[in-house]
1. Looking at A:S550, A:S572, A:S527, which one is touching an Asp or Glu at 6+ places or on another chain (Cβ under 7 Å) and hydroxyl-bearing (S, T, Y)?
2. Filter region A:215-235 down to residues that are crowded, with 24+ Cβ neighbours inside 10 Å and in contact with a Gly (Cβ under 6 Å, 6 or more places away or on another chain), then give me how many there are.
3. I'd like the full set of residues that are touching a helix residue (DSSP H, G or I) at 6+ places or on another chain (Cβ under 7 Å) and within 14 Å of another protein chain (Cβ to nearest Cβ), limited to region A:506-530.
4. Among the candidates A:V12, A:V25, single out the residue that is closer than 30 Å to B:I36 by Cα, modelled with pLDDT of 95 or more and aliphatic (A, V, I, L, M).
5. Let me spell it out: the conditions are (1) within 7 Å of chain A (Cβ to nearest Cβ); (2) touching a His at 6+ places or on another chain (Cβ under 9 Å); (3) not β-branched (V, I, T), and B:Q91 meets all of them except one. Which number is the exception?
6. Looking only at region B:112-155, which residues are among the aliphatic types (A, V, I, L, M) and at the interface with another protein chain (Cβ under 9 Å from one of its Cβ atoms)?
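The values are calculated or read from the model by the stated rules, or taken from the named source; none is laboratory data. Source: prediction; values computed, not measured. Counting neighbours? That spans all protein chains shown, and the Cβs are built from the backbone with ideal geometry, glycine included.
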Amino acid sequence: MKDEVESREDRVAGLKGMGCSRKRVEDARFTQGKGNYVDDLKLDGMLFGDFVRSPYAHARIVNIDTEAALKVPGVLAVLTAKDLEPLGLHWMPTLAGDKQMVLADGKVLFQGQEVAYVVVQDRYAAADGIEAVEVDYEELPVLVNPFEALKSDVVLREDLLAEDGSIPDGAHGPRKHHNHIFTWEAGDKDPTLEVIDNADVVAEETMYYHRTHPCPLETCGCVASMDKVNGKLTLWGTFQAPHAIRTVVSLISGIEEHNIRVISPDIGGGFGNKVGAYPGYVCSVVASIVTGKPVKWIEDRMDNLMTTAFARDYHMTGRIAATKEGKITGVHCSVTADHGGFDACADPTKFPAGFMNICTGSYDIPTAYLEVDGVYTNKAPGGVSYRCSFRVTEAVYFIERMIEVLAIKLNMDAAELRRINFIKKEQFPYQAALGWEYDSGDYHTAWDKALKAVDYDGLRAEQAQRVEDFKAGKTRKLMGIGLTFFTEIVGAGPVKNCDILGLGMFDSCEIRIHPTGSAIARLGTISQGQGHATTFAQILASEIGLPADSITIEEGDTDTAPYGLGTYGSRSTPVAGAATAMAGRKIRAKAQMIAAYLLEVHDDDVEFDVDRFAVKGAPEKFKTMNEIAFAAYNQAIPGIEPGLEAVSYYDPPNMTYPFGAYVCVMDIDVDTGVPVIRRFYALDDCGTRINPMIIEGQVHGGLTEALAVALGQEIAYDDMGNVKTGTLMDFFLPTAWEVPNYETDHTVTPSPHHPIGAKGVGESPHVGGVPCFSNAVQDAFRPFGNTHTNMPHDHWRIWKTANELGLHG
Amino acid sequence: MSKKQHYKITVNGKEEEFLAEPRELLIHTLRERLKITGPHIGCETSHCGACTVTVNGKSVKSCTVFVAQADGTEITTIEGIGSPDALHPLQEAFKEHHGLQCGFCTPGMIIRASKLLEEIPNPSEEEIRFGMAGNICRCTGYQNIVKSIQAAAAEMNSAKEAAE
């Protein structure tokens with residue numbers, strides 16, 4: 001028998017389970033051009049939909065004339081808010097407890113806002129039809145600065161005023177001004193202010209984390225198909241949360257949820273852009289119901305950058321207090337958050353500023369206070385987590401800049417300042433001042449490993465020499481050493497405090513073992529490039545002892561997958577990965593009973609070993625999982641139901657807290673402002689590592705998106721609310737030419753509460769990368785008096801910094 | 001809308017004849033008319049390269065070429081460079097070296113790389129990075145794409161040597 005000669009090591013390797021760099025099963029179709037993205041879908045009689053969009057950032061709509069458009073060949077209908085109003089669909093709820101216009105209802109609040117929806121035969125008729133719709137606008141004063149918006153008499157959202165003109169509470173409590181959305185606080189205000197007032201040293205800084213955009217290579221889109229014969233609506237789309245979309249569509253359309261099937265096919269990157277619900281989805285559904293035909297809506301790139309899901313736009317002021325020796329005693333963080341015309345942030349309900357309250361970072365800071373004010377402006381709505389867990393990039397950027405600013409104030413080395421303030425290994429689980437309980441960590445070990453790997457002291461010596469050479473006129477290039485130690489908070493989350501639109505943020509896995517020993521598992525998440533079909537099969541292989549190659553993973557079809565909240569905020573492995581392990585363990589528990597019956601021993605007398613159950617003390621007596629699977633379907637076993645299936649809905653007891661230590665070495669040409677990244681070292685601790693190859697790929701990708709954000713990527717507006725960066729000409733996406741090679745490294749600190757100890761990794765490199773690139777730029781100018789300059793550090797801004805510091809002679 | 005014209009193009013060795021408005025973009029001819037959905041649309045402004053195909057031996061971004069400009073040309077898309085039973089070395093290498101994640105840029109990336117390796121059979125890393133700079137990937141950070149192209153080049157060169 002093969003099993004008898006195969007070593008245990010070979011049996012483990014044969015499973016391709018957790019810990020191995022299994023090649024991706026997704027790649028065969030993608031490399032051959034056989035991916036199935038939403039725009040690849042073609043249905044009989046399919047129509048297209050597209051939007052007439054506002055050229056103005058704030059304007060009243062006087063009239064919409066569709067007559068000429070309806071005469072354009074190929075144009076079938078033009079929908080406006082008036083057509084949607086009788087259905088109650090001219091507005092829709094946002095994920096943040098606000099409401100948003102589906103089509104402009106009397107006014108527009110941002111450039112690019114959806115004004116009318118043309119239903120046409122093909123894309124070309126759409127372009128012709130849009131051009132023929134005549135809209136009369138009456139321009140209104142534009143507010144693009146949140147601080148000015150909070151002082152302005154101009155009311156952006158008349159719909160939120162009471163009849164007597166007073167300002168009722170919003171979804172997150174009292175509103176201070178008609179353009180104010182919420183105030184959210186965490187921590188203790190008075191004790192924190194007292195600590196700061198009485199501290200030896202206080203460093204203060206104001207920083208703007210600019211508005212940017214996730215910009216996946218595939219834009220958002222959908223195909224809605226109402227089958228009037230069976231009363232069933234099928235909605236294909238680029239949805240990062242297909243089940244949540246199904247529930248939302250049911251709630252706002254009145255179609256019973258069992259009659260709605262939402263399918264996320266292959267998704268060309270998400271990064272948070274595809275979490276929310278957009279007017280395009282609603283209009284396409286309405287158009288399909290009205291016409292009885294499938295209707296496709298696909299954003300173009302300009303639509304994407306201008307209207308769906310911006311990220312960041314946080315104005316942050318920080319004060320950090322410390323002893324003379326550098327021990328941090330308190331932090332105060334005050335944020336003015338620009339949310340645009342509607343509050344459409346994608347955050348768990350109780351967290352209108354996401355997990356910004358992780359802004360004490362990796363440090364043992366006894367006292368802290370955070371206040372965030374959300375503000376309406378004439379910009380696009382959104383506020384999504386661009387490759388991060390809810391606002392964690394902002395939080396980590398804040399604290400990792402404040403540490404640097406404090407180091408300057410103390411005239412201390414920033415690496416040492418971090419080291420003396422880290423939460424110590426023995427302090428975990430650690431209760432942070434702003435509320436979170438960090439599950440595990442070993443920061444000192446990771447930090448020391450990182451600094452040693454890059455020869456930190458050597459780098460500082462080289463930098464000091466470079467400064468001397470610069471001052472002596474021997475070079476025009478400065479050297480920056482960017483440091484970052486970050487702690488992420490991912491895996492949202494425990495149902496007790498995490499929900500989206502009231503839906504608890506658990507996740508799920510359902511497994512069916514086939515008689516011949518292969519399996520299919522379905523999850524409530526949806527891959528957008530993360531390789532779930534590869535890695536979740538690895539988790540299962542290790543848990544149930546069937547080869548990963550014999551396990552199909554399926555996601556994204558709400559008719560077949562169990563309910564889950566989708567993929568964003570690095571929640572797939574922490575939540576659905578846990579559900580997968582737990583469902584696998586249910587399979588194993590039943591398999592144990594079947595094995596015991598087949599081996600004619602008591603249940604407790606068999607034990608699981610790699611791919612089989614063996615009699616304890618007699619390993620030669622065993623039944624493989626293959627044999628057990630077959631028995632489950634072909635034998636009548638007393639007291640055991642036939643079949644071998646399991647489902648698990650996993651409600652995580654806590655978040656997971658991946659962390660990492662990054663170092664960036666950068667050379668900056670003072671005269672051109674061009675930064676060249678000479679070296680980037682990234683140590684990530686994501687707990688148990690499922691697939692090292694995929695982890696490394698995620699780190700490369702996350703760092704590159706971090707490079708983009710730190711060094712140039714921005715959604716910029718002019719004073720009139722015009723988007724200045726609406727195409728890829730102006731919106732920076734790094735190419736192979738600008739991107740360095742990265743060195744990756746790791747430590748492993750498993751999560752104590754996760755069934756397999758995994759913590760999630762997809763977003764860590766972005767969260768840690770942005771401050772690391774930024775700190776490198778800032779560090780280069782530190783010897784010349786720089787404390788802080790705002791991102792993005794594009795060539796012009798870097799040149800300007802050099803100029804302002806008098807480095808151009 | 002304008003009058004339809006008669007066009008003839010050869011795609012992946014197959015001759016296609018049809019009537020189309022001259023303003024039809026080549027990417028739509030491929031994707032909508034001919035149902036060749038490997039090339040993707042990422043920007044419609046020539047920046048991202050997801051729509052890259054080979055036209056008369058040159059890498060071309062098909063989102064900014066009118067079908068009228070492509071009349072009479074020979075076009076190769078990702079569908080034309082390998083088959084499930086005989087993958088192109090680049091297709092193998094991208095799988096082997098994790099040169100893709102979401103897969104959306106991959107068809108354009110591979111078809112461009114195939115041209116690059118014809119232009120420079122043994123490229124340096126710098127030449128690869130420069131030669132691929134017209135194709136944007138949002139997932140991989142390019143490191144593994146570079147590795148994949150290097151591996152494919154090595155494979156193709158050794159196969160060529162063996163044949164000679």
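1. A:S527
2. Result for region A:215-235: 4.
3. Answer for region A:506-530, where residues must be touching a helix residue (DSSP H, G or I) at 6+ places or on another chain (Cβ under 7 Å) and within 14 Å of another protein chain (Cβ to nearest Cβ): A:I526, A:S527, A:Q530.
4. The match here is A:V25.
5. Unmet condition: (2).
6. B:I128, B:M132, B:A133, B:I136, B:I145, B:V146, listed by residue number.
Conditions (1) farther than 20 Å from B:K35 by Cα; (2) more than 10 Å from every other protein chain (Cβ to nearest Cβ); (3) without any contact (Cβ under 8 Å) to a residue 60 or more places away in the chain, marked per residue:
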| position | (1), (2), (3) |
| --- | --- |
| A:G17 | yes, yes, no |
| A:S21 | yes, no, no |
| A:G33 | no, no, yes |
| A:V38 | no, yes, no |
| A:S54 | yes, yes, no |
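Let's see how each residue does on (1) within 20 Å of A:T445 (Cβ to Cβ); (2) in contact with a Gly (Cβ under 9 Å, 6 or more places away or on another chain); (3) in contact (Cβ under 8 Å) with a residue 24 or more places away in the chain:
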| residue | (1), (2), (3) |
| --- | --- |
| A:P652 | no, yes, yes |
| A:D667 | no, yes, yes |
| A:V670 | no, no, yes |
| A:F680 | no, yes, yes |
| A:D684 | yes, yes, yes |
